[in-house]
Amino acid sequence: MTRKPHVYGNWKLHNTLNASEELAEAIAEGTKNYAEKVNIGVAPVFTSLVNVRRILGEVSHIKLLGQNGYPKPNGAFTGEVSFSLLSDVGCDGVLVGHSERRHLFGETNKLVGEKVESALQTGLEVILCLGESLSEREEGRTWEVVEEQLESAMFHVPPVSREKLIIAYEPVWAIGTGKTATPQQAQEVHALIRGKIRESWLGDAADKVIILYGGSVNDKNAKDLFSQKDIDGALVGGASLKPESFISIIQAASESQQ
Ligand code: 13P
(Lines give C-alpha, C1' and ligand atoms only; values in the text may rest on other atoms or scores of the structure.)
Protein backbone atom coordinates (compact mmCIF):
# COMPACT_ATOMS: atom_id res chain seq x y z
CA MET A 1 0.00 0.00 0.00
CA THR A 2 1.58 3.27 -1.02
CA ARG A 3 -1.02 5.67 0.38
CA LYS A 4 -1.80 6.00 4.11
CA PRO A 5 -4.37 3.27 4.79
CA HIS A 6 -7.82 4.17 6.06
CA VAL A 7 -10.05 1.79 8.00
CA TYR A 8 -13.55 3.06 8.70
CA GLY A 9 -16.33 1.24 10.54
CA ASN A 10 -19.94 1.62 9.46
CA TRP A 11 -22.07 0.66 12.43
CA LYS A 12 -25.29 0.87 10.35
CA LEU A 13 -28.48 0.57 12.44
CA HIS A 14 -26.85 -1.04 15.45
CA ASN A 15 -26.13 -0.12 19.05
CA THR A 16 -27.96 1.80 21.74
CA LEU A 17 -26.34 4.88 23.21
CA ASN A 18 -24.63 2.80 25.90
CA ALA A 19 -23.43 0.18 23.43
CA SER A 20 -22.09 2.89 21.11
CA GLU A 21 -20.17 4.50 23.96
CA GLU A 22 -18.67 1.18 25.02
CA LEU A 23 -17.66 0.29 21.48
CA ALA A 24 -16.12 3.74 20.87
CA GLU A 25 -14.18 3.48 24.12
CA ALA A 26 -12.82 0.02 23.29
CA ILE A 27 -11.79 1.09 19.79
CA ALA A 28 -10.18 4.33 20.97
CA GLU A 29 -8.20 2.43 23.60
CA GLY A 30 -7.19 -0.47 21.36
CA THR A 31 -6.02 1.56 18.36
CA LYS A 32 -3.75 4.19 19.91
CA ASN A 33 -0.62 2.48 18.64
CA TYR A 34 -1.86 2.45 15.06
CA ALA A 35 -2.87 6.09 14.88
CA GLU A 36 0.26 7.22 13.08
CA LYS A 37 0.04 4.62 10.36
CA VAL A 38 -3.69 4.28 9.79
CA ASN A 39 -6.55 6.76 9.50
CA ILE A 40 -9.38 5.34 11.56
CA GLY A 41 -13.05 6.33 11.60
CA VAL A 42 -16.40 5.20 12.96
CA ALA A 43 -19.93 5.93 11.77
CA PRO A 44 -22.46 5.43 14.60
CA VAL A 45 -26.22 6.00 14.33
CA PHE A 46 -27.26 9.67 14.46
CA THR A 47 -28.56 9.42 18.02
CA SER A 48 -25.14 8.32 19.32
CA LEU A 49 -23.00 10.89 17.50
CA VAL A 50 -22.81 13.50 20.28
CA ASN A 51 -21.90 10.97 22.94
CA VAL A 52 -19.38 9.16 20.77
CA ARG A 53 -17.75 12.52 20.01
CA ARG A 54 -17.47 13.09 23.75
CA ILE A 55 -15.93 9.65 24.30
CA LEU A 56 -13.42 10.15 21.48
CA GLY A 57 -12.55 13.67 22.63
CA GLU A 58 -12.46 16.83 20.55
CA VAL A 59 -9.09 15.99 19.06
CA SER A 60 -8.98 12.32 18.48
CA HIS A 61 -7.07 9.83 16.36
CA ILE A 62 -10.47 8.46 15.37
CA LYS A 63 -12.67 10.35 12.96
CA LEU A 64 -16.39 10.62 13.61
CA LEU A 65 -18.55 10.00 10.55
CA GLY A 66 -22.25 10.35 9.79
CA GLN A 67 -23.91 7.55 7.80
CA ASN A 68 -26.00 9.83 5.59
CA GLY A 69 -27.22 13.40 5.30
CA TYR A 70 -29.63 15.67 3.46
CA PRO A 71 -28.38 18.23 0.94
CA LYS A 72 -30.22 21.28 2.34
CA PRO A 73 -28.99 23.07 5.47
CA ASN A 74 -32.47 23.41 7.02
CA GLY A 75 -36.14 23.76 6.15
CA ALA A 76 -39.33 21.72 5.95
CA PHE A 77 -37.71 18.31 5.51
CA THR A 78 -39.20 16.23 8.30
CA GLY A 79 -37.04 13.39 9.47
CA GLU A 80 -33.87 14.48 7.70
CA VAL A 81 -30.50 15.55 9.12
CA SER A 82 -28.38 18.02 7.14
CA PHE A 83 -24.64 17.86 6.58
CA SER A 84 -24.25 21.16 8.40
CA LEU A 85 -25.91 19.66 11.47
CA LEU A 86 -23.56 16.68 11.29
CA SER A 87 -20.70 19.12 11.24
CA ASP A 88 -22.28 21.01 14.15
CA VAL A 89 -22.18 17.91 16.38
CA GLY A 90 -18.54 17.29 15.54
CA CYS A 91 -18.56 14.93 12.57
CA ASP A 92 -15.41 14.95 10.48
CA GLY A 93 -16.96 13.17 7.53
CA VAL A 94 -19.97 11.36 6.17
CA LEU A 95 -20.86 8.33 4.06
CA VAL A 96 -22.76 9.24 0.90
CA GLY A 97 -24.58 6.91 -1.49
CA HIS A 98 -24.19 3.74 0.53
CA SER A 99 -25.80 0.84 -1.36
CA GLU A 100 -28.40 0.43 1.37
CA ARG A 101 -29.43 4.04 0.75
CA ARG A 102 -29.52 3.47 -2.99
CA HIS A 103 -31.36 0.15 -2.93
CA LEU A 104 -33.60 0.31 0.14
CA PHE A 105 -34.36 4.04 0.09
CA GLY A 106 -34.29 4.74 -3.63
CA GLU A 107 -31.39 7.20 -3.74
CA THR A 108 -30.56 8.03 -7.34
CA ASN A 109 -27.22 9.07 -8.81
CA LYS A 110 -28.65 12.59 -9.07
CA LEU A 111 -29.49 12.80 -5.36
CA VAL A 112 -26.15 11.24 -4.42
CA GLY A 113 -24.42 13.94 -6.51
CA GLU A 114 -26.33 16.69 -4.68
CA LYS A 115 -25.35 15.13 -1.37
CA VAL A 116 -21.68 15.00 -2.36
CA GLU A 117 -21.77 18.69 -3.26
CA SER A 118 -23.57 19.78 -0.11
CA ALA A 119 -21.39 17.68 2.21
CA LEU A 120 -18.18 19.02 0.63
CA GLN A 121 -19.46 22.59 0.89
CA THR A 122 -19.95 21.98 4.60
CA GLY A 123 -16.30 20.97 4.83
CA LEU A 124 -16.94 17.32 5.63
CA GLU A 125 -14.85 14.50 4.24
CA VAL A 126 -17.06 12.49 1.89
CA ILE A 127 -16.88 8.73 1.60
CA LEU A 128 -18.65 8.13 -1.69
CA CYS A 129 -19.92 4.54 -1.87
CA LEU A 130 -20.25 2.78 -5.21
CA GLY A 131 -20.87 -0.77 -6.35
CA GLU A 132 -22.74 -3.12 -8.60
CA SER A 133 -25.45 -5.64 -7.71
CA LEU A 134 -25.08 -9.36 -8.32
CA SER A 135 -27.24 -9.30 -11.45
CA GLU A 136 -25.28 -6.35 -12.84
CA ARG A 137 -22.04 -8.26 -12.31
CA GLU A 138 -23.46 -11.42 -13.86
CA GLU A 139 -24.59 -9.43 -16.89
CA GLY A 140 -21.03 -8.14 -17.28
CA ARG A 141 -22.10 -4.56 -16.46
CA THR A 142 -19.94 -3.97 -13.38
CA TRP A 143 -17.83 -1.18 -14.81
CA GLU A 144 -20.71 0.42 -16.69
CA VAL A 145 -22.64 0.78 -13.41
CA VAL A 146 -19.71 1.86 -11.26
CA GLU A 147 -18.47 4.32 -13.88
CA GLU A 148 -21.86 5.99 -14.07
CA GLN A 149 -22.11 6.24 -10.27
CA LEU A 150 -18.62 7.72 -10.15
CA GLU A 151 -19.01 10.10 -13.05
CA SER A 152 -22.31 11.55 -11.89
CA ALA A 153 -20.92 12.21 -8.41
CA MET A 154 -17.50 13.54 -9.44
CA PHE A 155 -19.20 16.21 -11.45
CA HIS A 156 -20.11 17.72 -8.05
CA VAL A 157 -16.55 17.78 -6.68
CA PRO A 158 -14.87 21.16 -7.17
CA PRO A 159 -11.06 21.12 -7.46
CA VAL A 160 -10.65 22.69 -3.99
CA SER A 161 -12.50 19.78 -2.40
CA ARG A 162 -10.73 16.92 -4.15
CA GLU A 163 -8.63 16.02 -1.16
CA LYS A 164 -11.80 15.57 0.90
CA LEU A 165 -13.13 12.83 -1.37
CA ILE A 166 -12.70 9.17 -0.52
CA ILE A 167 -14.20 6.42 -2.66
CA ALA A 168 -15.53 3.18 -1.20
CA TYR A 169 -16.06 0.38 -3.70
CA GLU A 170 -18.64 -1.93 -2.15
CA PRO A 171 -20.08 -4.59 -4.43
CA VAL A 172 -23.66 -5.06 -3.24
CA TRP A 173 -23.39 -8.85 -3.43
CA ALA A 174 -20.52 -8.79 -0.94
CA ILE A 175 -22.22 -6.62 1.69
CA GLY A 176 -23.32 -8.54 4.75
CA THR A 177 -23.22 -11.83 2.86
CA GLY A 178 -19.89 -13.21 4.05
CA LYS A 179 -19.00 -13.46 0.37
CA THR A 180 -16.15 -11.04 -0.13
CA ALA A 181 -14.76 -10.05 -3.52
CA THR A 182 -11.44 -11.73 -4.20
CA PRO A 183 -8.48 -9.36 -3.89
CA GLN A 184 -8.12 -9.57 -7.69
CA GLN A 185 -11.79 -8.75 -8.34
CA ALA A 186 -11.58 -5.75 -6.03
CA GLN A 187 -8.22 -4.58 -7.41
CA GLU A 188 -9.57 -4.70 -10.95
CA VAL A 189 -12.40 -2.27 -10.16
CA HIS A 190 -10.20 -0.08 -7.92
CA ALA A 191 -7.71 0.35 -10.77
CA LEU A 192 -10.52 1.31 -13.16
CA ILE A 193 -11.84 3.85 -10.62
CA ARG A 194 -8.39 5.41 -10.20
CA GLY A 195 -7.92 5.45 -13.97
CA LYS A 196 -11.23 7.23 -14.44
CA ILE A 197 -10.32 9.82 -11.81
CA ARG A 198 -6.93 10.31 -13.48
CA GLU A 199 -8.66 10.92 -16.78
CA SER A 200 -11.00 13.52 -15.27
CA TRP A 201 -8.67 15.34 -12.92
CA LEU A 202 -5.47 15.14 -14.93
CA GLY A 203 -2.13 15.49 -13.13
CA ASP A 204 -1.21 13.32 -10.18
CA ALA A 205 -4.23 14.03 -7.93
CA ALA A 206 -5.67 10.59 -8.75
CA ASP A 207 -2.61 8.92 -7.22
CA LYS A 208 -3.52 10.46 -3.88
CA VAL A 209 -7.19 9.47 -3.80
CA ILE A 210 -8.02 6.90 -1.17
CA ILE A 211 -10.11 4.03 -2.53
CA LEU A 212 -11.50 1.70 0.13
CA TYR A 213 -12.96 -1.74 -0.37
CA GLY A 214 -16.12 -2.74 1.51
CA GLY A 215 -18.10 -5.98 1.63
CA SER A 216 -17.58 -8.70 4.24
CA VAL A 217 -14.12 -7.50 5.22
CA ASN A 218 -12.93 -9.32 8.34
CA ASP A 219 -9.76 -10.07 10.28
CA LYS A 220 -9.08 -13.10 8.03
CA ASN A 221 -9.34 -11.55 4.58
CA ALA A 222 -8.12 -7.99 5.27
CA LYS A 223 -4.40 -8.70 4.80
CA ASP A 224 -4.83 -10.11 1.28
CA LEU A 225 -7.12 -7.30 0.23
CA PHE A 226 -4.64 -4.72 1.56
CA SER A 227 -1.82 -6.31 -0.44
CA GLN A 228 -3.37 -4.96 -3.65
CA LYS A 229 -1.88 -1.87 -5.24
CA ASP A 230 -5.05 0.21 -5.46
CA ILE A 231 -6.80 -0.92 -2.27
CA ASP A 232 -6.11 1.73 0.36
CA GLY A 233 -8.07 0.27 3.24
CA ALA A 234 -11.58 -0.82 4.10
CA LEU A 235 -15.07 0.31 4.96
CA VAL A 236 -16.12 -2.36 7.43
CA GLY A 237 -19.69 -3.22 8.45
CA GLY A 238 -20.34 -6.26 10.65
CA ALA A 239 -16.73 -6.75 11.78
CA SER A 240 -16.53 -3.13 12.99
CA LEU A 241 -19.07 -3.90 15.72
CA LYS A 242 -16.61 -6.20 17.49
CA PRO A 243 -13.60 -4.31 18.83
CA GLU A 244 -11.20 -7.29 18.45
CA SER A 245 -12.04 -7.83 14.78
CA PHE A 246 -12.00 -4.13 13.93
CA ILE A 247 -8.66 -3.65 15.69
CA SER A 248 -7.19 -6.69 13.88
CA ILE A 249 -8.23 -5.18 10.54
CA ILE A 250 -6.56 -1.91 11.54
CA GLN A 251 -3.45 -3.84 12.53
CA ALA A 252 -3.43 -5.57 9.12
CA ALA A 253 -3.66 -2.14 7.46
CA SER A 254 -0.77 -0.85 9.53
CA GLU A 255 1.36 -3.89 8.64
CA SER A 256 0.61 -3.45 4.95
CA GLN A 257 2.56 -0.21 5.21
CA GLN A 258 5.85 -1.83 6.20
P1 13P B 1 -20.24 -5.79 5.82
O2 13P B 1 -18.78 -5.60 6.19
O3 13P B 1 -21.09 -6.17 6.96
O4 13P B 1 -20.38 -6.68 4.64
O5 13P B 1 -20.79 -4.34 5.37
C6 13P B 1 -20.05 -3.60 4.47
C7 13P B 1 -20.62 -2.23 4.37
O8 13P B 1 -21.73 -2.05 3.89
C9 13P B 1 -19.84 -1.11 4.92
O10 13P B 1 -20.39 0.12 4.55
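The values are calculated or read from the model by the stated rules, or taken from the named source; none is laboratory data. Values in this document were obtained by computation on a predicted structure and should not be read as measured data. Glycine gets a Cβ as well: all are built from the backbone with ideal geometry, and neighbour counts include every protein chain shown. Only protein heavy atoms, including side chains, enter the accessible area calculation; ligands, DNA and RNA are left aside. Shrake-Rupley method; radii C 1.70, N 1.55, O 1.52, S 1.80 Å.
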Check your understanding: Looking at the range 160-249, which trypsin sites (Lys or Arg not before Pro) are in a loop (DSSP not H, G, I, E or B) and have at most 16 other Cβ atoms within 10 Å?
Key -> K179, K220, K229
Practice item. Determine the equivalent ellipsoid of the range 1-151 by diagonalising the alpha-carbon gyration tensor, then write out the semi-axes as square roots of 5 times the eigenvalues, largest first, rounded to whole Å. Key: 27, 20, 14
Practice item. Measure off, as a whole percent, the carbon and sulfur share of the 1.4 Å-probe accessible area of the range 166-258, all protein chains present. Key: 51
Exercise for review: For L104 and K223, calculate 0.36 nm times their separation in residues minus their Cα-Cα distance, and state this gained length in nm to one decimal.
Suggested key: 39.7 nm
Point to revise | Helical segments meeting 15 Å axial Cα length and Kyte-Doolittle 0.0 threshold in the chain (DSSP H) | key: 17-30, 243-255
Check your understanding: What is the spin-label model distance, in nm, from E199 to Q121 if the labels are put 7 Å beyond Cα along the C-beta direction?
Key -> 2.9
Review point. Efficiency by 1/(1 + (r/R0)^6): what FRET value for F155 and E244, r their Cβ-Cβ distance, R0 = 35 Å, to the nearest 0.05?
Key: 0.30
Study note, to complete from the structure: Expressed per residue, the solvent accessible area of the chain in Å² (1.4 Å probe) is about 45
Exercise for review: Pull out the extension gain between D88 and L134, defined as 0.36 nm times the separation in residues minus the alpha carbon to alpha carbon distance; nm, one decimal.
Suggested key: 12.8 nm
Practice item. Report relative contact order for the chain in percent, whole number only (criteria: Cα-Cα under 8 Å, sequence separation at least 6). Key: 23
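Note down the Stokes-Einstein diffusion coefficient of the chain in µm²/s, whole number, using a Kirkwood radius over alpha carbon pairs, 4 °C, and 1.567 mPa s. Let's see the in-between values first.
Details: Rh = 18.1 Å.
Reported coefficient: 72 µm²/s.
For the range 1-113, which whole percent of the accessible surface, found with a 1.4 angstrom probe, sits on carbon and sulfur atoms? Show your work: numbers first, answer last.
On the way: 2930 of 5510 Å².
Result for the range 1-113: 53 percent of the exposed heavy-atom area is carbon or sulfur.
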